[in-house]
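Below is one structure, written out as structure tokens, with a few remarks after it.
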Amino acid sequence: QVQFVESGGGLVQPGESLRLSCAASGSIFSRYPMGWYRQAPGKQRELVAGITSGRVTNYADSVKGRFTISRDNAKNTVYLQMNSLKPEDTAVYYCNTNPPLRIPWGQGTQVTVSS
């Protein structure tokens, strides 16, 4: 059973940075494109960044130039470096394959950007 465990969230002020981590169990990790998603209160979950097995990346327009996704296949971990955070980045952040397969979502990690 593949599982994702997200960590690294917290409460920061606008303009600050956070680095999220997602540890994946199982052998699926290195073979599949991965993504970071977020869900703000009252909104649908959205993809914010994706990375292929060959490390080709793509970003939502709202985070382009501020967020960087990376992966370490040896550690079964995908990262999201978030710089210049804005209040509208406040959400619960999740990782999963991109697109999501029939793998349960993890608990996510809360990111709150507020002064």
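Filtering the range 41-51 for residues that are of a type outside the set (V, I, T), in contact with a Lys or Arg (Cβ under 7 Å, 6 or more places away or on another chain) and under 16 Å from V5 (Cα atoms) leaves an empty set.
Any residue at all in the range 77-94 that is within 26 Å of Q1 (Cα to Cα) and not in a strand (DSSP E or B)?
Taking the range 77-94 first, the residues within 26 Å of Q1 (Cα to Cα) are 77-80, 92-94.
This time we only want the ones that are not in a strand (DSSP E or B), so: none.
Scanning the range 77-94, I find no residue that is within 26 Å of Q1 (Cα to Cα) and not in a strand (DSSP E or B), so the answer is no.
Out of all the residues in the range 90-109, is one or more closer than 19 Å to V12 by Cβ and open to solvent by 50 Å² or more (accessible area, probe 1.4 Å)?
Within the range 90-109, the first condition is being closer than 19 Å to V12 by Cβ, and the residues that meet it are 90-94, 108-109.
The next check asks that each one be open to solvent by 50 Å² or more (accessible area, probe 1.4 Å); those that pass are none.
Scanning the range 90-109 turns up no residue that is closer than 19 Å to V12 by Cβ and open to solvent by 50 Å² or more (accessible area, probe 1.4 Å).
Evaluate the following for P87: is it surrounded by fewer than 16 Cβ atoms within 10 Å (Cβ to Cβ), more than 17 Å from R19 (Cα to Cα) and over 12 Å from the mean Cα position of the chain (by Cα)? If you could, list the steps in order and put the result at the bottom.
Working: surrounded by fewer than 16 Cβ atoms within 10 Å (Cβ to Cβ): yes; more than 17 Å from R19 (Cα to Cα): no; over 12 Å from the mean Cα position of the chain (by Cα): yes.
No.
For the range 64-76, the set of residues classified as of a type in the set (K, R), outside any loop (DSSP other than H, G, I, E, B) and open to solvent by less than 40 Å² (accessible area, probe 1.4 Å) consists of R71 only. Checked against (1) within 15 Å of F29 (Cβ to Cβ); (2) touching a Cys at 6+ places or on another chain (Cβ under 9 Å), L80 passes all but condition (1).
Of all the residues that make up the range 1-53, how many are acidic (D, E), open to solvent by 50 Å² or more (accessible area, probe 1.4 Å) and in contact (Cβ under 8 Å) with a residue 40 or more places away in the chain? Spell out how you get there, then give the answer.
Filtering the range 1-53 down to residues acidic (D, E) leaves 6, 16, 46.
If we keep only those that are open to solvent by 50 Å² or more (accessible area, probe 1.4 Å) as well, we get 16, 46.
The next check asks that each one be in contact (Cβ under 8 Å) with a residue 40 or more places away in the chain; those that pass are 16.
Going through the range 1-53 one residue at a time, the tally reaches 1.
The values are calculated or read from the model by the stated rules, or taken from the named source; none is laboratory data. The structure presented is a predicted model; accordingly, all values stated were derived computationally and were not measured. We place every Cβ from the backbone using ideal geometry, glycine too, and count neighbours over all the protein chains shown. These area figures cover heavy atoms from the full protein model, side chains too; ligands, DNA and RNA do not enter into them. Shrake-Rupley method; radii C 1.70, N 1.55, O 1.52, S 1.80 Å.
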